[in-house]
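Working notes, structure below.
Derivation of every value follows stated rules applied to the coordinates shown; laboratory data play no part. No experiment lies behind these values; they were computed from the predicted model shown. Neighbour counts are summed over all protein chains in view; Cβ atoms, including those assigned to glycine, are modelled from backbone coordinates with ideal geometry.
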Amino acid sequence: MPQHVLAILRRKWACPVLLALAAGHKRFGALARAVPGLRRSVLAAELYRLTHDGLVQRREISAKPPEVHYALTAKGSALCRLIRHLSKWEARHL
């Protein structure tokens with residue numbers, strides 16, 4: 001059984017955050033607006049976990065003021081494709 005992947009998918013906000021990033025990289029505020037109902041503190045914690053899992057890349061850009069961009073890694077993109085396939089399967093069979 002793919003226990004680690006299932007543990008990630010069971011987290012309430014992991015899939016919505018990953019799917020929001022599937023459209024392209026986003027700054028923190030834009031990502032917060034893209035996932036309604038998600039508190040900023042919870043988003044920060046989920047981004048930390050997804051970064052630690054190797055699914056999201058955090059990139060700091062030296063500008064005035066400094067910017068931080070979040071984007072999917074190759075692993076994160078592959079997982080988003082799997083999530084979309086699971087969603088289609090669910091719509092057809094459940």
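So if each residue of separation counts as 0.36 nm, and I subtract the Cα-Cα distance between R59 and R33, what length gain in nm does that give?
Extra length from R59 to R33 when fully extended: 7.4 nm.
Taking every pair of Cα atoms in the chain, average 1/r, invert it to obtain the Kirkwood radius, and report Rg/Rh to two decimals. Intermediate results must be reported in sequence, preceding the final value.
Values: Rg = 13.8 Å, Rh = 13.9 Å.
Rounded to two decimals, Rg over Rh is 1.00.
Using alpha carbon centroids, what distance separates segment 1-32 and segment 54-94, in Å?
6 Å
When the label point is put 7 Å from the Cα of H69 along its Cα-to-beta-carbon vector, which residues of segment 1-41 have a backbone N closer than 16 Å?
21-31
Using a cut-off of 23 Å between alpha-carbon atoms, which lysines can reach K75, once sequence neighbours fewer than 8 places away in the same chain are excluded?
Once the sequence-local lysines are set aside, what remains near K75 is K12, K26, K88.
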